[in-house]
Amino acid sequence: MHGIVCPPQWKVLAIWHSILAKIAKYIYDLQEDWVNLSMNSDSLDNTDRKLLDALQHDARQTVADLAQLVSLSPSPCWRRVRQLEEAGVIEGYHAQLSRAKLGYGVTGFVHLQMDNHSPDIMAAFEREVVALPQVLSCHNLSGRYDYQIEAIAPDLESFSQLVRVKIRSLPGVKEISTSFSLKEVKRAGTLPVN
């Protein structure tokens, strides 16, 4: 029994097909990279903004629901959401938890003045503050204080321990001023996208 012998032209065609497929994939990857690099707030159209607003309010919506909301079919809608994710406009999807139901009754703001502003000390401070699970946010500020920390605790005693033991011992801390939230008026869970 003899095998089928392919004419040499078929082998050449197979090689060209393989080369063209690689080139097409390369161009597709470049196009996706270009979309990711070029996407910013100015390049978002009305449909992107509607998608972002809808996902901020309810990230558990199905693609079909989102597509209907923005008047697209599901496939193009899914591609747009994927492009927004790949471009870093959508950083993730999160559940919003109740502080009170988890036992965190105190929210406080700690203003810190540093005694040393060297890059090494500032980097060490930031590295250690990021590791504290009770710290919800930390901002490097202009003005009198160098940093503001938003932190939570179950009660005043626990908050006091956090400040006196952990925050006071962070690298470079010179002065601490603490304020407590009496009432949360607004917690922005969404960013304006219009």
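The values are calculated or read from the model by the stated rules, or taken from the named source; none is laboratory data. Small disclaimer: the values here were computed from a predicted structure and weren't measured. Glycine gets a Cβ as well: all are built from the backbone with ideal geometry, and neighbour counts include every protein chain shown. Heavy atoms of the whole protein, side chains included, go into the accessibility calculation; ligands, DNA and RNA do not. Shrake-Rupley method; radii C 1.70, N 1.55, O 1.52, S 1.80 Å.
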Please name all residue pairs, on different chains or six or more residues apart, with Cβ atoms under 7 Å, provided the first residue is in segment 126-147 and is more than 17 Å from Lys174 (Cα to Cα) and the second residue is surrounded by fewer than 17 Cβ atoms within 10 Å (Cβ to Cβ). Leu132/Lys166; Leu136/Glu150; Ser137/Glu150
Top-ranked residue in segment 76-93 [being farther than 14 Å from Ala59 by Cα and open to solvent by 70 Å² or more (accessible area, probe 1.4 Å); ranked as farthest from the chain's Cα centre (by Cα)]: Arg79
Within segment 50-66, does at least one residue satisfy the condition of being part of a loop (DSSP other than H, G, I, E, B), open to solvent by less than 60 Å² (accessible area, probe 1.4 Å) and either modelled with pLDDT of 90 or more or on the phi < 0 side of the Ramachandran plot (or both)? yes
Tell me which residues, restricted to segment 171-194, are part of a loop (DSSP other than H, G, I, E, B) and among the β-branched types (Val, Ile, Thr). Val185, Thr190, Val193
Can you list residue pairs whose Cβ atoms sit under 8 Å apart, with the first residue in segment 82-98 being on the phi > 0 side of the Ramachandran plot and the second being in a helix (DSSP H, G or I)? Count only pairs 6 or more apart in sequence or on different chains. Gly88/Asn36
